[in-house]
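K.L.:
What follows is a single structure, and I will ask about it in a moment.
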Amino acid sequence: FTHDVDYPQIIRWIEAPRELLKRGPRAIGSAIGVPRGSNHFWTFREWIDFESQFGARPTFYFMARQGSLLQYALGRPDDFYDIRRPEFTRLFGELRDAGCEVGLHASYLAHRSAETIRVEVERVSHASGMRVLGNRHHFWHMDPADPNETLRRHELAGLQYDSSLGLEFFPGYRRGICHPFRPFHQGERRELGIVQVPPAWMDDHFDGRLAQNGITDPDAVAQRIVQTARETGGVTVVDYHSRGMNADIYPRWGPWLRRFAERELDAQIAFRTPGEILN
């Protein structure tokens, strides 16, 4: 279970009107809860409690670069939170106590520079007080012309693993393998010193992107992915945004995963954080 920390602090003056526009009168109760604070995106504890039922611990990927609404509008859609603030300091303490893993959620343009990635890793490590082993890119935004060059920059930045080689609209394994692997860099003719822990699906694959991927039975698709990993000794890495346990605004994200996991995941599955898989 892995989670990109996007939009963990709800922007009340944006979210309440957006819900009303999206759902009309049915969203009045939701919209009222936003300014009151009862309808929020700070759902880290909910993920920890849910995953503890299976003997699992979450991995959360935090963004080191703080963006803005203006930058978002101009094409640099980084998140708006600041991991140096007191509420995040307290959160990191809770995550350490719960045995969670913390990684980097690299900013939208971080793939352009190994130094940028390295600096962002250091910021998350310093803020969290935890060693950062791995990364997932925001929007899975690697170098579109040469993803392996981005992976090489991870290596230069000192990361041990990445989990960004996913598909935008479709669940499944982008390079056809459900095992952690070391990518081969064609330009340098060598195996890179970084492990790719391939994601299997993300929350919106079985929700907002059903129109694009044409999936009519998400449960059956997810079952096949899990079964493939079972039969081959592979891994099933799911990527759910941290705010996805808000069942009011995202009724098919965390709630669907909870139902699926309770029905399909049994004691034969060993739960590990991505960092633990490396050992």
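The values are calculated or read from the model by the stated rules, or taken from the named source; none is laboratory data. It should be emphasised that the depicted structure is a prediction, and the values quoted were computed from it without experimental measurement. As a convention, Cβ positions derive from the backbone with ideal geometry for all residues, glycine included, and neighbour counts pool all protein chains shown. Just the protein is used for accessible areas: all its heavy atoms, side chains included, with ligands, DNA and RNA removed. Shrake-Rupley method; radii C 1.70, N 1.55, O 1.52, S 1.80 Å.
K.L.:
Enter the accessible area per residue of the chain (Å², integer; probe 1.4 Å; all protein chains in place).
P.N.:
So the chain comes to 46 Å² accessible per residue, rounded to a whole number.
K.L.:
Moving on. Just to confirm my numbers, what's the Cα centroid distance between region 234-279 and region 172-192 in Å?
P.N.:
A separation of 24 Å, based on Cα centres.
K.L.:
Now a separate question. Who wins for biggest fluctuation among 97, 78, 248 in a Gaussian network model of the chain, springs between alpha carbons below 10 Å?
P.N.:
Largest GNM mean-square fluctuation: 97.
K.L.:
If you average the alpha carbon positions of region 1-61 and of region 117-165, how far apart do those two centres end up, in angstrom?
P.N.:
Taking the Cα centre of region 117-165 as reference, the centre of region 1-61 is 26 Å away.
K.L.:
Here is a follow-up. Can you tell which of 208, 75, 166 shows the greatest fluctuation in a Gaussian network model of the chain with Cα springs below 10 Å?
P.N.:
Ranking 208, 75, 166 by mean-square fluctuation puts 75 first.
K.L.:
Moving to a separate point now. Out of region 137-204, which GluC sites (Glu not before Pro) are coil in DSSP terms and have no more than 11 other C-beta atoms within 10 Å?
P.N.:
When the GluC sites (Glu not before Pro) of region 137-204 are filtered for loop state and at most 11 Cβ neighbours within 10 Å, 188 remain.
K.L.:
Quick one: among 24, 55, 129, which has the greatest mean-square fluctuation in a GNM of the chain with alpha-carbon springs under 10 angstrom?
P.N.:
Maximum among the listed residues: 24.
K.L.:
Per the helix-only calculation at 222 nm, which mean residue ellipticity applies to the chain, given -39500 (n - 2.57) for every DSSP H run of n ≥ 4 and division by its residues, nearest 500 deg cm²/dmol? Display every interim value, and only then the final one.
P.N.:
Values: 11 runs with 107 residues, N = 279.
That comes out to -11000 deg cm²/dmol.
K.L.:
Leaving ligands, DNA and RNA out of it, rank 256, 42, 13 by accessible area with a 1.4 Å probe, largest first. Show your work: numbers first, answer last.
P.N.:
Numbers: 256 10, 42 80, 13 175 Å².
Descending order: 13, 42, 256.
K.L.:
Moving on. At a 1.4 Å probe, what is the % contribution of carbon and sulfur to the accessible area of the chain?
P.N.:
Carbon and sulfur: 51 percent of the exposed surface of the chain.
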